[in-house]
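Down below is the structure, laid out as structure tokens.
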Amino acid sequence: MKSIEKMMRKMEPKHDGKWAKFHPVWDGFYTFLFTPGETTNKGAHIRDGIDLKRTMFMVVTALIPCLLFGIYNTGHWHYVATGETTEYMDMFGDKVIYGLIKVLPIVIVSYAVGLGIEFLFCIKNQHAIQEGFLVTGMLIPLVIPADTPLWMVAVATIFAVVLGKEVFGGTGMNIVNVALTARAFLFFGYPTMMSGDKVWMSGIADVPRETLEANGVTGATQLGELATFTGAEADWAYPSIQAFSEHWSIMDSFFGMIPGSVGETSTLAILLGAALLLYTGIASWRIMFSFVAGGLFVGFLANAFAVNEYMMLDPLHHMVIGGFAFGAVFMITDPVTASQTNTGKFIYGFLGGALSITIRVFNGAYPEGVMMAILFANVMAPLIDHYVVGANIKRRVKRLKTKAA
Amino acid sequence: MSENVKAPKEPLFSKKNKKLVSEPLNDNNPVTIQVLGICSALAITVSVEQALVMTASVLAVLAAGNVVISLLRNLIPSRIRIIVQLVVVASLVIIVNEILKAYLPDMAEKLSVFVGLIITNCIIMGRFEAFAMANKPWPSFLDAIGNSLGYGIVLVLVSIIREIFGAGKIFGIQLFGDRIEGTGLYSVGYMDNNLIILAPFALFAVGLIIWVQRARNKALIEDH
């Protein structure tokens with residue numbers, strides 16, 4: 001390590017040298033490799049070894065199980081759709097290779113484009129490079145279908161980083177979740193690549209419907225099929241919600257053996273990540289807990305007042321399909337866009353979770369509501385904080401008055 | 001001041017008058033600086049042609065309206081001035097709308113209610129109130145030209161972005177090949193972006209223009 005540090009020190013751009021403008025880039029790499037040795041020499045400041053880089057790195061580590069499972073799952077559904085296998089553990093190597101070929105380029109493009117933009121702005125503004133994108137760059141590939149063309153990933157990343165983050169002042173200043181901004185851009189910009197029944201299993205765009213049906217799949221996700229229950233009975237994917245629940249068991253969905261976006265399918269892998277984030281204290285348990293509580297609350301409420309088939313779906317089933325679990329652990333907990341007060345965190349999480357299921361169940365046009373619910377909660381977070389702080393001030397003023405009286 | 005002593009006659013294109021036209025184009029743009037007339041900027045900027053027709057309509061209404069209001073400015077009782085202004089702008093809009101329907105029926109259909117809604121365009125009432133009520137007809141006319149051109153520049157810029165990347169066309173000419181037949185760029189997987197057609201993107205585009213303008217024009221940077 002000593003020799004690397006010596007080399008890095010030697011490469012440090014001088015203030016008056018011709019590479020002076022690139023000092024933020026050098027600084028970014030240097031602090032990535034070594035914890036900065038600077039100490040505070042005035043006042044009583046406490047410095048913690050866990051800086052932004054270590055935090056971000058921990059989140060990326062927590063995402064690894066989702067990524068690995070996503071790669072395998074991508075390969076699995078491709079071979080199921082083409083009729084080469086039906087067993088989950090069959091053709092292990094082929095599935096991994098297929099998944100790698102599909103998913104890895106997306107990860108690389110997302111990182112290369114996003115970090116490129118980040119570096120560009122840091123050099124232009126002469127700011128230190130903040131590692132906010134390390135997590136965003138991993139989140140983007142995990143929340144989109146594996147078949148998304150690479151140029152779309154690039155365009156969406158540029159849009160999200162520039163309009164979602166840099167215009168507000170860079171890392172830590174953004175109002176809405178950057179990865180979800182990228183997903184929303186793709187969702188509204190290229191709806192045919194982000195919804196329907198041609199994209200959720202990799203490589204089936206040109207496979208005719210009859211072949212798919214012969215292989216026992218429709219190409220739709222559970223959410224896509226559930227959305228048909230909000231329409232006329234003739235369009236229902238299954239004769240009843242019971243038939244649906246029998247076809248897709250909660251257990252299969254929990255382990256992630258279902259089609260969907262790359263990293264969102266396996267609740268188990270997401271829980272592994274959640275355990276790490278909660279253990280290290282990086283993600284707020286208050287937000288995670290209340291997000292799930294909000295989802296369950298609306299789920300049970302829909303059960304209790306069920307007037308159509310969709311409303312009768314088991315609330316637990318909602319927790320394990322689509323992006324709900326992924327959103328609860330990795331998206332809504334983003335500390336930059338979440339509420340800052342502890343009471344606010346409960347309200348904020350509950351709002352997000354409740355809205356997610358509300359959009360799913362009551363709006364047939366948007367089968368998945370998690371993305372929009374979280375973006376909405378992000379926008380509401382400062383307002384929630386405002387009222388929580390206001391209420392606290394009022395309470396204390398009142399206490400002061402009674403004491404004085 | 002007695003009637004006989006006249007102020008020296010100002011030349012038609014004095015520095016002050018030129019400024020009336022040039023200022024709204026950049027430093028005091030009605031859309032990007034005053035953030036007026038946003039509704040129409042969102043609604044009709046899907047094609048450059050529509051943006052140009054809209055600009056021309058606003059130009060006609062504002063120029064004529066400013067002159068009329070300026071001529072009447074000493075006759076209008078201040079209590080009912082808004083009603084008088086509304087009557088003037090409403091009659092002008094109806095005339096413009098009828099002309100469009102007669103000579104450009106296709107365009108009139110595309111712009112639909114938005115020509116009628118020029119009445120509610122804040123730029124027009126704003127200029128009546130802020131300028132025409134207190135100035136002579138000729139400066140009022142120049143002020144109208146400047147402001148509607150400033151509005152038009154933004155409209156055209158936004159519509160260029162939206163037409164190229166949203167519909168793959170410019171002035172109705174296909175740029176990247178035929179979308180339905182899948183020729184040109186479309187054959188290698190290019191797709192038009194649907195978000196750009198949606199109204200929210202116009203807001204993003206206006207925001208981007210404001211960003212670029214503020215970064216380039218140091219006079220606009222606010223201290224804080």
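Between amide H atoms placed 1.01 Å from N, distances below 5 Å from B:Gly37 occur with B:Cys122, B:Ile123, all of them 5 or more places distant or on a separate chain.
Dividing the summed -39500 (n - 2.57) terms of all DSSP H runs of n ≥ 4 by the residue count of chain A sets its mean residue ellipticity at 222 nm at -20000 deg cm²/dmol.
The spacing between the range B:145-209 and the range B:63-96, judged by their C-alpha centroids, is 36 Å. Note that the range B:60-77 has calculated 3J(HN,Hα) couplings of 4, 5, 5, 5, 5, x, 4, 5, 4, 4, 5, 5, 8, 4, 8, 9, 7, x Hz, one per residue in order, obtained from phi through the Karplus relation 6.51 cos²θ - 1.76 cosθ + 1.60 (θ = phi - 60°); glycine and proline are x.
Helix A:23-33 and the long axis of chain A differ in direction by around 70°, with both axes built from C-alpha atoms.
For the chain pair B and A, the interface hides roughly 1000 square angstrom of accessible area in total, found with a 1.4 Å probe.
The residue list A:Thr358, A:Gly294, A:Gly260 was ranked by how far each Cα lies along the charge dipole of the range A:224-389 toward its positive end, using unit charges on Cβ atoms, and A:Gly294 comes out on top. A convex hull fitted around the alpha carbon atoms of the range A:285-405 yields 113 Å³ per residue. Measuring nothing but protein heavy atoms, the accessible surface of the range A:224-389 at 1.4 Å probe radius is 70 percent carbon and sulfur.
Assigning unit charges at the beta carbon (Lys, Arg +1; Asp, Glu -1) and nothing else, what dipole magnitude in debye, to the nearest 20, does chain A show about its Cα centre? With Lys and Arg at +1 and Asp and Glu at -1, about 2820 debye. Here the convex hull built on the C-alpha positions of the range B:35-223 has a volume of 142 cubic angstrom per residue.
Phi angles across the range A:361-370 convert, under the Karplus curve 6.51 cos²θ - 1.76 cosθ + 1.60 with θ = phi - 60°, into 3J(HN,Hα) values of 7, 9, 10, x, 6, 10, x, 10, x, 4 Hz, Gly and Pro given as x. Per-residue 3J(HN,Hα) values for the range B:112-121, derived from phi via the Karplus relation 6.51 cos²θ - 1.76 cosθ + 1.60 with θ = phi - 60°, read 5, 6, 6, 5, x, 6, 4, 3, 8, 5 Hz in sequence order (x marks Gly and Pro). If you take the Cα centroid of the range A:89-109 and the Cα centroid of the range A:211-278, the two points sit 21 Å apart. For the peptide A:179-190, the mean number of other protein chain Cβ atoms found within 10 angstrom of a residue's Cβ is 3. The residues of the range A:194-275 expose, per residue, 43 Å² of accessible area to a 1.4 Å probe. Select from A:Met152, A:Ile101, A:Leu33 the residue farthest towards the positive end of the dipole of the range A:12-152; place +1 on Cβ of Lys and Arg, -1 on Cβ of Asp and Glu, and compute about the Cα centre. Ranked along the dipole, the leading option is A:Leu33.
Here is the list for the range A:47-95: trypsin sites (Lys or Arg not before Pro) lying in DSSP coil, each with at most 13 other C-beta atoms within 10 angstrom of its C-beta, are A:Arg47. Within chain A, the longest run free of exposed loop sites, counting GluC sites (Glu not before Pro) that sit outside DSSP helix and strand states (H, G, I, E, B) and have at most 15 other Cβ atoms within 10 Å, spans A:88-405. Summarising the amide proton neighbourhood of B:Lys169: residues at separation of 5 or more, or on other chains, whose placed amide H is nearer than 5 Å comprise B:Ile164, B:Leu175.
Compute the acute angle (0 to 90°) between the alpha-carbon long axis of helix A:52-81 and the principal axis of greatest extent of the alpha-carbon atoms of chain A; round to the nearest 10°. Relative to chain A, helix A:52-81 is tipped by roughly 20 degrees.
Over the range A:270-383, what is the relative contact order in whole percent, taking alpha-carbon pairs under 8 Å and six or more residues apart?
Numbers: 167 pairs, mean separation 36.5, N = 114.
It comes to 32 percent, rounded to a whole number.
Given a Förster distance of 30 Å, report the FRET efficiency between B:Ile180 and B:Asn26 from their Cβ-Cβ distance, rounded to the nearest 0.05. After rounding, the FRET efficiency stands at 0.15. Determine the alpha carbon to alpha carbon distance for each of B:Lys15/B:Lys136; A:Lys6/A:Lys124; B:Lys15/B:Lys218; A:Lys165/A:Lys345; A:Lys14/A:Lys42; B:Lys101/B:Lys169 and list only those over 18 Å. Pairs exceeding the cut-off: A:Lys6/A:Lys124; B:Lys15/B:Lys218; A:Lys165/A:Lys345; A:Lys14/A:Lys42; B:Lys101/B:Lys169.
Please determine, in degrees from 0 to 90 and to the nearest 10, the orientation of helix A:132-142 with respect to the longest principal axis defined by the Cα atoms of chain A, where the helix direction is its Cα long axis. Long axis of A:132-142 versus the principal axis of chain A: about 10 degrees. The mean count of C-beta atoms from other chains within 10 Å of the C-beta of residues in A:162-173, rounded to a whole number, is 1. Its Cα gyration tensor gives the range A:253-328 an equivalent ellipsoid; the semi-axes, largest first and in whole Å, are 24, 16, 7.
Assigning unit charges at the beta carbon (Lys, Arg +1; Asp, Glu -1) and nothing else, what dipole magnitude in debye, to the nearest 20, does the range A:1-140 show about its Cα centre?
That gives the range A:1-140 a dipole magnitude of about 800 debye.
Would you mind estimating how fast the range B:1-110 diffuses translationally, via Stokes-Einstein at 37 °C and 0.692 mPa s with the Kirkwood radius over Cα pairs, in µm²/s? Approximately 194 µm²/s, per Stokes-Einstein. Mean partner shielding of peptide B:184-194, defined as the number of other chain Cβ atoms within 10 Å of each residue Cβ, is 3. Each Lys and Arg adds +1 at its Cβ and each Asp and Glu adds -1 at its Cβ; summed about the Cα centre, the range B:35-223 shows a dipole of about 620 debye. Within the shell defined by Cβ-Cβ distances under 15 Å, the residues around A:Gln130 carry a net charge of -2, with Lys and Arg each +1 and Asp and Glu each -1. Along the axis of the charge dipole computed for the range B:35-223 (Cβ charges of +1 for Lys and Arg, -1 for Asp and Glu, origin at the Cα centre), the listed residues B:Ala43, B:Val158, B:Asn66 are led at the positive end by B:Asn66. Size of chain A: Rg and Dmax of its alpha carbons, in Å, are 23.4, 81.
The values are calculated or read from the model by the stated rules, or taken from the named source; none is laboratory data. Only a predicted model underlies this, so the values are computations on that prediction, with no experimental measurement involved. Note: ideal-geometry Cβ built from the backbone for every residue, glycine included; neighbour counts use all protein chains shown. Please note that ligands, DNA and RNA were not included when accessible areas were found on the heavy atoms of the full protein model with its side chains. Shrake-Rupley method; radii C 1.70, N 1.55, O 1.52, S 1.80 Å.
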